[in-house]
Each structure stands twice: as structure tokens, then as C-alpha cells.
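Student: The following block contains the structure, expressed as C-alpha cells.
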Amino acid sequence: MNNSVSGTGRLLWAGLRALLVLTVVCGVIYPLAVTGVAQAFMGHQANGSEIKSGGRVVGSSLIGQSYTLPLEKGQRTPAPDLRWFQPRPSNGLGTNSVNTQYKLLVSGATNRSGDNAELIKWVKDAKSAVIKDNSTAGYRVRPSDVPADAVTSSGSGLDPDISPQYAKLQVHRIAARNHLTVARVDRLVADHTTGRTLGFVGEPRVNVLELNVALRQLTEG
């Protein structure tokens, strides 16, 4: 009986010591070490890849945002604010306290097949809107000019980037709406175009939030 109680006590004490050691190592030392390394060598990424404008955080370079006008009476979906470069279509855009034009509503793909009637209608409607919104008095967007990312959402629905082709398609509209020259806006897009990672991974891209922050600085400067 005494041996049984003694053995049980030793096992419990050994288990308690293991719990305490693992709690300190895995719950305190390891997280502090990882946090310290992250802050020392990649602080921008560790803190959410924040983008600031006017001295305040306006979003993250990793998550897309919408640029829309306030809802009018009877509207269910806000119209795009055409003074700004527009992102890819997404069902995950809305508002939050940091940027009142953004809220994470849903993240994910539609999972509709390529021959789905509803998806086909979405793409056709989006294409018509892109052509209409980006055509100006001196520039007409052709259907063949519209890239795929202008009319389809990404797998997450929150892609922060667009293709250089879609950004350039919007240049004439941005120039007209903000009283800038086409050449100046075109140069702005070129300055914010990122090439393939390591020269061969992925595709060239333009971060919409960073581009619009630069556009704001240009128009207010």
C-alpha cells in the first residue's frame, strides 16, 4: 500500500515538473525568442506589414481594400469611387475602425465551375463595368484590353495586388478624375510595379493600397 502511494506520488511529481518545464520553455522562452528574432530582423512583417498615410495606419500591404462611395438611398452595393485605383473583385471588402472602407466579411473562393451560369454573369457584368468606368472622352477601353484579374476574385478574395495590365487600364480614368497628366499617372504605376520574386517566381504585380497612398500624396502635394 505504502509502495503504491509512494510510486503514485513520484509519478505525479515527475509529471508536474515536466509540465512546469515545458510551460516555461514552450510557453515563455520560445515565444519570446521567436518574437525577439522577428522584431529584430523583420519588424515590418511581424507587425502586420502596416501601411501608413498621414501619420496613421491605413491598412496592410497583405490584405485588399475597397474604394467605394457612400451608399445612397435604395442602394445595396456601394458604387466604386473612381478617383482611386480599383482592386480585384471581392466579397471580403467593407469597413473597420482603422480604414472605414474595409471590413473582413468573408475570405474564400466562390468554388463555382467555369461553366456556372451565375459566375459567367458576374464576369460579364464586371467586364462591362470595367469598360464603362475606365473609358474617357479621349480613351476607349476595348473588351480585349480587360485582364482576368479585373473581373475575377482571387482564391482568398482578399488579394491586395493587381496586374500591371489592370493598373495601366485605369490610368486614363485616374488622370481625368484627378486632373493629372496620363504620363504622370503612368509613371506612378511604373514606380509601384513589383517584378517577379527572385526574378522568376510569380508574376509582376501592383499593390493597390500602396499605389493609392502615393496617388493621394500626389494629388494633395
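Student: Just to be sure I understand, how many residues within the stretch 155-195 are among the hydroxyl-bearing types (Ser, Thr, Tyr) and surrounded by 20 or more Cβ atoms within 10 Å (Cβ to Cβ)?
Tutor: Residues in the stretch 155-195 being among the hydroxyl-bearing types (Ser, Thr, Tyr) and surrounded by 20 or more Cβ atoms within 10 Å (Cβ to Cβ): 1 in total.
Student: While we're on this one: From the list GLN86, GLN101, exactly one residue is at pLDDT 85 or above and either hydroxyl-bearing (Ser, Thr, Tyr) or touching a strand residue (DSSP E or B) at 6+ places or on another chain (Cβ under 8 Å) (or both). Which is it?
Tutor: Among GLN86, GLN101, only GLN86 is at pLDDT 85 or above and either hydroxyl-bearing (Ser, Thr, Tyr) or touching a strand residue (DSSP E or B) at 6+ places or on another chain (Cβ under 8 Å) (or both).
Student: Only residues that are touching a Ser or Thr at 6+ places or on another chain (Cβ under 8 Å) and without any contact (Cβ under 8 Å) to a residue 40 or more places away in the chain: list them for the stretch 149-175, please.
Tutor: If the condition is that a residue be touching a Ser or Thr at 6+ places or on another chain (Cβ under 8 Å) and without any contact (Cβ under 8 Å) to a residue 40 or more places away in the chain, then HIS172, ALA175 are the ones that fit.
Student: Go through the residues of the stretch 109-118 one by one and say whether even a single one is in a loop (DSSP other than H, G, I, E, B), in contact (Cβ under 8 Å) with a residue 40 or more places away in the chain and either within 27 Å of GLU210 (Cβ to Cβ) or among the hydroxyl-bearing types (Ser, Thr, Tyr) (or both).
Tutor: The answer is yes, given that some residue of the stretch 109-118 is in a loop (DSSP other than H, G, I, E, B), in contact (Cβ under 8 Å) with a residue 40 or more places away in the chain and either within 27 Å of GLU210 (Cβ to Cβ) or among the hydroxyl-bearing types (Ser, Thr, Tyr) (or both).
Student: Report whether or not LEU93 is modelled with pLDDT under 85 and in contact with a Phe, Trp or Tyr (Cβ under 8 Å, 6 or more places away or on another chain).
Tutor: So LEU93 passes the test.
Student: With the structure loaded, tell me whether VAL213 is farther than 22 Å from LYS52 by Cβ, surrounded by fewer than 22 Cβ atoms within 10 Å (Cβ to Cβ), modelled with pLDDT under 95 and in the same structural domain as LYS121 (by TED's automatic domain parsing) or whether it fails that test.
Tutor: No: the conditions fail for VAL213.
Student: State all residues of the stretch 140-152 that are crowded, with 19+ Cβ neighbours inside 10 Å and in a loop (DSSP other than H, G, I, E, B); if no residue qualifies, say none.
Tutor: Once the filter is applied, which keeps residues that are crowded, with 19+ Cβ neighbours inside 10 Å and in a loop (DSSP other than H, G, I, E, B), the stretch 140-152 yields VAL141, VAL146, VAL151.
Student: Residues that are out of contact with any helix residue (DSSP H, G or I) (no Cβ under 7 Å at 6 or more places or on another chain) and farther than 30 Å from GLY157 by Cβ: find the helices (runs of 4 or more DSSP H) completely inside the stretch 1-66 holding 3 or more of those.
Tutor: Once the helices (runs of 4 or more DSSP H) in the stretch 1-66 are filtered for at least 3 residues that are out of contact with any helix residue (DSSP H, G or I) (no Cβ under 7 Å at 6 or more places or on another chain) and farther than 30 Å from GLY157 by Cβ, what remains is 2-24, 30-41.
Student: Counting residues that are more than 16 Å from VAL141 (Cβ to Cβ), which helices (runs of 4 or more DSSP H) fully inside the stretch 153-221 reach at least 1?
Tutor: Result: 171-178, 182-191, 208-220.
Student: Tally up the residues in the stretch 29-80 that are without any contact (Cβ under 8 Å) to a residue 24 or more places away in the chain, surrounded by 13 or more Cβ atoms within 10 Å (Cβ to Cβ) and under 17 Å from the mean Cα position of the chain (by Cα), please.
Tutor: So the answer is 4.
Student: Ok, one more. Being hydrophobic (A, V, I, L, M, F, W, C) and under 21 Å from VAL206 (Cα atoms): is that true of TRP13 here?
Tutor: no
The values are calculated or read from the model by the stated rules, or taken from the named source; none is laboratory data. Quick caveat: nothing in here was measured; it's all calculated off a predicted structure. Ideal geometry is used to build each Cβ from the backbone, glycine not excepted, and the neighbour counts take in all protein chains shown.
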